[in-house]
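Input: a single structure, listed below in structure tokens.
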Amino acid sequence: MLTIAGREFRSRLFGGTGKFASAEVMRDALVASGTEMVTVALRRVDLADPADDIMRVLDRERYLLLPNTSGARDAREAIRLAHLARAAGGTPWLKLEVTPDPRTLLPDPVETLKATEELVKDGFIVLPYMNADPILALRLQDAGAAAVMPLGSPIGTNQGIVTAFQVRIIIEQARVPVVVDAGLGAPSHAAQAMEMGADAVLVNTAIAVSGDPVRMARAFAMAVAAGRDAYEAGLGEARENAAASSPETGLDFLR
Amino acid sequence: MFVTPEFESLRSAVAGATEADVRRALESIRPGERDLAALLSPAAEPFLAAMASRSAAATGQRFGKTIQIYAPLYVSNLCANRCLYCGFSAENRIDRRALSLDEAEAEAVLLQKRGFNHLLLVSGEAPAVGVEYLEALALRLRDRFAAISIEVQPLETEGYARLFRAGITGVAVYQETYDRVTYGRMHPAGPKSDYVYRLATPARGAAAGLREVGIGFLLGLSDWRAEGLAVGLHLAWLRKAFWRTAFTVSFPRMRPAAGGFQPPQPVNERQLTQLLFALRIFDPDLGLVLSTREDARYRDGMIGLGPTRYSAGSCTAPGGYGSPDGSAGEQFSVGDHRSIDEVCAAIRAKGFDPVRKDWDAVFQQTAA
């Protein structure tokens, strides 16, 4: 079972709350996904208001809410948001997002590391969204991040794991769970991440903007489970050339 | 600094586009400036449906099934300019007033009660409604609203920086027209007659740290196709210079206003639509604003196809929310008279989520 900061998760699919056609569609899709961890943008919701359009449909018994700092341009803004979120929602869990470029929403590695160091000291459980940079992953882990969340490709692009080479290194090296976040556009992408050994994936856009979010959420849930099973069962290695079935060819000089 | 190319060269870049150029633009993975020219050209007219589907896909991918909702709050119709087309022109005999801070706050509270969380403060150009007034108002409103932007006279960078610290999130400043000759004719007197100073204003707002900068032009003053290319070039320049800033574009069509101005080059609905699609395809991350200048039928039809932000329940006269029958003159008469609840219901009926809060005042508090 997946464990992050001492908490266990049966589902390895994490969900989001953005871009849905309505709060009700979002609620149904999250239920169908079987997820137990849901991220909410602090800019979008009012955590302290039970009547908030998103908060009112999220079952706090079912989900661990993971507030995120989407929109923060630097460490200072992210830290301030985090403190307000903790005060309003009572949770120390935080998905740290420092994305100074509103166009690509790519994470700022320098400010993300700075904010992680600070927030961990302040007692937060920090899951930083990061570019797929293996050394940065190690630095964040050393700073006390509870998990690292490297991107497959930029948020909302549906491009899949364009960063596969670096993500493999991160998975190989990390002591903390690795959650592939952003850019997973199809269940096959999620399955690929899980087959690679990722501990979990976070999917939002691909579910929210699909023609049938509930069905797509179910498809992702199955893909994540399949990918994890395959990883645990042990995948055969992919080969460039066919393996000779009679390996003695060329060795007939041996006595 | 951004310099507008000769308007004639923009016009010929658009006029020279062929059907093959349009097809190439529609198939391009990252459409560039030449593609934008093609999409704005007459050769693209038969491709409106293909443009719609690409625009809708790009918008959905980036913004999901959401439309952001805001309301304008007119704080003053005093104006030193004599823009030929504007209801607030100093030439026009309308009832003039600038709301006191208390009056402006009362209007804002009304909008908040109606469910608005994003405000756009609007005023004519007059010393009474300068940086000090706006700063004081922002400080009063910042805890009530998630985002407060301004559409007022051009300010200096320091002015924008002060307003940013007071809680202002964004600025919109439209060039009105990128055609310098027409610009000179339309703005014969007042500070606004300086084309270059106005053109450099969005960059000053971005340099001051404002989160969002809106640009655009008024449809009806000159050749909309060349204007569309100009705004695309301006946008591309701003994106390179200020990569931390979010940008929006608005295409206000001329509406009936005091003074009875007739637009020299009116833009019809199909043309407005082509313009919106072309800009969306050119820049998938762009916020596209569609205000209540357009009527309900058009705004409902465009949901999901490109625009990302709608105003609702708007009144363009200062004090008009509290006293709808008040005497102060309006800037123009709106085309969509529905309330915020009616507009939100129409958005939901189309399968989209009307988003009232998509920012947080907390972001600005770190600036202080």
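The values are calculated or read from the model by the stated rules, or taken from the named source; none is laboratory data. Every value quoted in this text rests on a predicted model; they were computed, and no experiment measured them. Cβ coordinates were reconstructed from backbone atoms using ideal geometry, including for glycine residues, and neighbour counts include every protein chain displayed. Just so you know, the surface numbers come from the protein's heavy atoms only, side chains and all, with ligands and any DNA or RNA stripped out. Shrake-Rupley method; radii C 1.70, N 1.55, O 1.52, S 1.80 Å.
Points worth noting:
- Peptide B:351-358 has a mean shielding of 5, counted as Cβ atoms of other protein chains within 10 Å of each residue's Cβ.
- Protein accessible area in chain A, 1.4 Å probe - carbon and sulfur %: 50
- Cα long-axis angle, helix B:340-349 against chain B (0 to 90 degrees, to the nearest 10): 30
- The protein assembly as shown: C-alpha gyration tensor shape, a/c 1.5 cut-off, then a/b vs b/c: prolate
- Those residues of region A:17-47 whose amide nitrogen sits under 16 Å from the label point placed on B:Gln365, 7 Å along Cα→Cβ: A:42-47
- Other residues lying with their Cβ under 11 Å from the Cβ of A:Gln166 contribute a combined charge of -1, Lys and Arg counting +1, Asp and Glu -1.
- When A and B come together, around 2600 square angstrom of accessible surface is lost from both chains combined, probe 1.4 Å.
- For chain B, the longest principal axis of the alpha carbon atoms and the long axis of helix B:269-282 meet at an angle near 80°.
- Most positive-pole-ward Cα, B:Phe164, A:Tyr63, A:Pro109, against dipole of the protein assembly as shown from beta carbon charges: B:Phe164
- 0 to 90° range, to nearest 10: angle between helix B:101-114 axis and chain B longest Cα axis: 60
- Rounded to the nearest 20, the size of the Cβ-charge dipole of region A:8-233 about its Cα centre is 120 debye, with Lys and Arg at +1 and Asp and Glu at -1.
- Measuring between alpha carbons in the structure, the pairs from A:Lys19/A:Lys121; A:Lys19/A:Lys95; A:Lys95/B:Lys350 lying more than 27 angstrom apart are A:Lys19/A:Lys121; A:Lys95/B:Lys350.
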